[in-house]
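Since the structure comes first, as structure tokens, the remarks are kept for the end.
No value in this document is a laboratory result; all are computed from the given coordinates. This is a predicted model, so every value here is computed, not measured. FYI the Cβ positions are ideal-geometry reconstructions off the backbone, even for glycines, and counts take in every protein chain you see.
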Amino acid sequence: MSGAGGIVVGVVDHLADLDPEQLAAVTAPRGPVCVLAGAGTGKTRTITRRIAHLVEGGQVNPDQVLAVTFTARAAGEMRSRLRELGVSGAGSSGVQAQTFHAAALRQLRYFWPRAIGDTRWELIDSKLPIVGRAARRARLATTTEMLRDLASEIEWAKASLIGPSGYAAAAVDAGRDLPAPVEQVAQVFAAYEAAKVTDDGDRLFDFDDLLIYTTQILTDDAGLAEEFRSRYRCFVVDEYQDVTPVQHGLLKAWLGDRDDLTVVGDANQTIYTFAGAQASFLLNFSREYPQAQVVRLVRDYRSTPEVVDLANRVIGAARGRAAGTRLELVGQRPPGPMPRFAEYPDEPAEAAATVADIGKLIAEGVPASEIAVLYRVNAQSQVYEEALTQAQIPYQIRGGDAFFARTEIRQALREITAAARTADAAAGEDLIDTLRVLLFPLGLTPDEPSGAEAKSRWASLSALVELAEDLRTHDSELSLGGLASELASRSAAGHPPTMNGVTLSSLHAAKGLEWDAVFLVGLTDGAVPISHAIDASAEAVEEERRLFYVGVTRAREHLRLSWALARNEGGRRGRRKSRFLVGLLPTCERCSSNLMGSRALASGLCDSCAGVPRGSASARSGVAARAATMPLAPADAALFDSLRQWRAAEANREKKPAFTVFADKTLREIATSRPAGLHELKRVSGVGPAKLERYGDAVVAIVASAAVPAT
Ligand code: ATP
Ligand code: MG
């Protein structure tokens, strides 16, 4: 290989702060390398250093390196690490770090006209409308839930390289949890595929088609394959445990008969099996490439020994093939606080206590952007949004479609797409200026406006502009059309831009990321593991355990785990803590009951052995949480009810979530304090000047007309 012994500039930097195993992976010559290692051991760091080392040593030209991963967020993280190392410049020069989908989109755009010719294609941003028509034809219900389930089946099949004709047998074989009889699902799949060819022969592509058609072109057209393979020669994949057969096929098509591939992954973090991921590609890497150099890392640089110990115990209970490959992590950081566990009567109490703890951490100097609340399903975020809004702590939602589902963002995407279509829109104009002009009518004023609703619109539109600015530093030629397709792909991948605040995220979307403080909330049996996994199979429960492990290993220092026994205030306390927590909680030195709360953890005694009276505030952490759940007197409860009804109607009229009108806690306080006029209402916490002006008169009128409590 040329350049291996060339002049080496700056290499010393790229080899600094690496342990011997990391060093072995970084300095391995070009060719197959596999890093099999646990969370926080520096896998992502190792591959970015390896790329920098190969480039700086002259072993590979930076333009010939393609680094891929699964989420746009992780690709962004790789790009910024590469930029810091000086090997990924502005524009299209330098090392490319992209998602599989973004890489395929780019390649397909380039190759399609030459491989296929005149037939046009367009990327669809959602498959649901087409699935809906196919479902109707198959006489299935067309509820959103049904359509989502059908779309997931189509995605699983395509990721697994299974077509409509092979679907039924494969789905039964794989024990898929189906929303309808298997023949009907197969029928929907077939109709969906057929509907993507329009009457005039044009094609509509979903995200999986990008991978499928790119692979096909590279496989069928030797000339184009040759051209591609002389352009890209060195491939790197992060989170390889989650690669699907279709992605693996594309990777093979990229490589041809070469073997210049570095993969890193952790089979114990495989969390996308349900979507077609197969950890066996990682585990069998040295069978596929017998000459591969395999490196194992065990030193955990991310988390304190206390967090590492808990993580080892979580995954220590795992079963199955992936579990057989686990290595015990060894924490490298100085000691920190013990992970804390807490049980609450209901979700609002859990959220109130969590937010109170977040407030304390912020007061102690932990930046809000270094704090995350992680949950199993996106619907769990609502109660945290409410509590954080109430406490006036900024937050951002990651994963799911929260950011891209916001009205202003959907409007913005439509505007951008439409403007990109009109001929030479913005030709010669600066992209960012054009974008600001487009978004101005949607609420992107030059300065931050007043009013909570306007502020929140403004903040998300500003985040969109910042994202565009960031993208442009990687691609100075970025056009409005390029921006539109990047946004569509991020929307599909659930990857919103970064805003400064506490992160709310699903466990899935938190993969690969890290924070100083992590709150794992809603840890009940039925959420983690999720109920459909419990119903499905032991393997599905194992995947949930790995997801829990991913959550635990996101924390650098502070880790809190909590669950609530009921959903609503005063609801039936029918829930139990997650089965994964059994055996993890510290126990009382005298009676061996589980210890919860900081006092008990510090003394090693449960409250009753320590003689703490039942019902004292410390029996459950969070005084506020307790106050919020105290039963109301009947007359106050009736007023509280009327206020909630008014709020529901108001929220409906304004088309926004109820808690943004007033939080439950505020309505409770109004119901008990019964303000006689605006001046008294103003004193209720959660009633700011904007809300007073907007809702004050209505609220005072409701209070005035309510029955007076009997004394
Ligand atoms: P995950 O499995 O969660 O993706 P990972 O193995 O990719 O984790 P990284 O994110 O690369 O781990 O590294 C975890 C943290 O440890 C990062 O903050 C990284 O900078 C730090 N780190 C990694 N290796 C070292 C090292 N040799 N010395 C000091 N810090 C390190
Ligand atoms: Mg990583």
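Data table
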quantity	calculated
Longest DSSP-loop-exposure-free segment, GluC sites (Glu not before Pro), the chain, at most 15 other Cβ within 10 Å	1-327
Extension gain, residue 593 back to residue 360 (0.36 nm per residue minus Cα-Cα distance, nm)	81.1 nm
Cα gyration tensor category, rounded, prolate or oblate, for the stretch 146-205 with a/c compared to 1.5	prolate
Residue 287 versus residue 17: modelled label distance in nm, points set 7 Å from Cα along the beta carbon direction	3.8
Cα long-axis angle, helix 480-493 against the chain (0 to 90 degrees, to the nearest 10)	60
Label-zone membership for the stretch 262-293, site residue 173, 7 angstrom Cα→C-beta point, backbone N under 17 Å	274-281
Net charge dipole size for the stretch 230-376 [Lys, Arg +1 and Asp, Glu -1 on Cβ; Debye, nearest 20]	640
Rough spin-label spacing in nm, given labels placed 7 Å along Cα→Cβ, for residue 430 and residue 298	5.5
Share of alpha-carbon pairs per 5 Å distance bin for the stretch 290-350, given as whole %	4, 14, 17, 16, 15, 14, 9, 6, 2, 1, 1, 0
Net charge, residue 180 excluded, C-beta distance under 11 Å - Lys, Arg +1, Asp, Glu -1	-2
Value of relative contact order over the chain, rounded to a whole percent, pairs C-alpha under 8 Å and six or more apart	15
Crossing angle, helix 72-84 versus the chain [Cα axis fit, 0-90 degrees, rounded to tens]	70
Sites residue 309 and residue 656 - FRET efficiency at Förster radius 45 Å, r taken between beta-carbons, to 0.05	0.55
Additional length obtainable on full extension of the chain from residue 414 to residue 535, 0.36 nm per residue less Cα span	39.5 nm
Whichever aspartates and glutamates have a C-alpha closer than 15 Å to that of residue 665, once near sequence neighbours (fewer than 8 apart) are set aside	346, 347, 350, 385, 386, 569, 636, 641
DSSP-assigned coil residues among trypsin sites (Lys or Arg not before Pro) in the stretch 200-293, each with at most 16 further Cβ atoms within 10 Å	258
Residue 514-residue 707 FRET efficiency (beta carbon distance; Förster radius 41 Å; 0.05 resolution)	0.15
Stretchable slack from residue 567 to residue 133, in nm (0.36 nm times residue separation minus alpha-carbon distance)	152.7 nm
Cα gyration tensor shape for the chain, rounded if a/c is under 1.5, else prolate or oblate	prolate
Inter-site label distance for residue 609 and residue 673 at 7 Å from Cα along Cβ, in nm	4.3
Value at 222 nm in deg cm²/dmol, rounded to 500, when DSSP H runs of n ≥ 4 in the chain each add -39,500 (n - 2.57)	-14500 deg cm²/dmol
